[in-house]
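S.K.: Dumping the structure here so I can ask a few things about it.
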Amino acid sequence: MRTIIVTASLLFFSVFAQGQIPTSGNVFVGYSYVNTDLSPAGRNSTNGWEATVEGKLLPFISMAADFSAYYGSENITIYPPLPCPIGNPNCGPIVESVGTAEHNYLFGPRVSISVSKFRPFAEALVGAGHINANAAGSDTSFATAIGGGLDYKLLRILAWRFQGDYLRTSFFSSTQSNVRLTTGIVVRF
C-alpha cells in the first residue's frame, strides 16, 4: 500500500513539475576564437570551445547558460625590482610570453525569431570569468557578453550556429574588450 501511495504522489507532483520546465530549447557545442587584449603589450588570439544550454520562456524569449574556455599565450611586461644599477643590461622591462587559460560562466536572456531555415538571435549575458596566466598569476572578474548569431536549420533537430559577441572582462585590475567568434552544432529539442 505504501508503494502505491508513493508512486501515485510522484506521478501527481511530476505533472506540476513538468509545467516549470521550458517546452523547447537547444544545446550548442562548438569551436570559439577570442581576440583578447589581456596585456598592454598587444592583442593576442586564443582558441577554445563554447557550450550553451538554452530554454524557451516565451515564444521569442529564452534564458541561456553559456560556458566557454580559451587557451593560448599572452605577452606580458615584467619590470625588474628597483633599484637597478645604471648600465645593467637586465634593468629594462622584459616582454615574455606566458600560457593562459580563461574560463567564462555567463547567464542571461536571448531574443530570437525563426524565419524559414534561419533563426537570428541577440543576447545579453552576465557572469564571471577566471584566468590562469601561469607565471603572471590568476584572477577572477565580472564578465559580460553582448552579441548575437544565426542558427541555420540542417534537420528537424540539428542546426549550425554562427555567433559573434563583445566579451568584456576586468582581469588584473584592467578592462579587456574582446571579440568572440563561435561556430558549431546545435541540437534542438
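S.K.: Taking interchain pairs and intrachain pairs at least six residues apart, which have beta carbon atoms under 9 angstrom, with the first residue in the range 51-71 and within 10 Å of SER24 (Cα to Cα) and the second surrounded by 15 or more Cβ atoms within 10 Å (Cβ to Cβ) and among the basic types (Lys, Arg)?
M.R.: Partner pairs satisfying both residue conditions: GLU54/ARG110; SER62/LYS56; SER62/ARG110.
S.K.: Can you tell me which residues in the range 158-183 are hydrophobic (A, V, I, L, M, F, W, C), in contact with a Phe, Trp or Tyr (Cβ under 7 Å, 6 or more places away or on another chain) and free of Cβ contacts under 8 Å to residues at least 60 places away in the same chain?
M.R.: TRP160
S.K.: Looking at the range 132-155 only, could you name the residues that are of a type in the set (Asp, Glu) and out of contact with any Phe, Trp or Tyr (no Cβ under 6 Å at 6 or more places or on another chain)? Before you say what the answer is, go through the steps one by one.
M.R.: Residues of the range 132-155 of a type in the set (Asp, Glu): 139, 151.
Of everything in the range 132-155, just one residue is of a type in the set (Asp, Glu) and out of contact with any Phe, Trp or Tyr (no Cβ under 6 Å at 6 or more places or on another chain), namely ASP151.
Just so you know, all these numbers are worked out from the coordinates, no wet-lab data involved. Note that this is a predicted model, so its numbers are computed, not measured. Cβ: placed from backbone, ideal geometry, glycine included. Neighbour counts: every protein chain shown.
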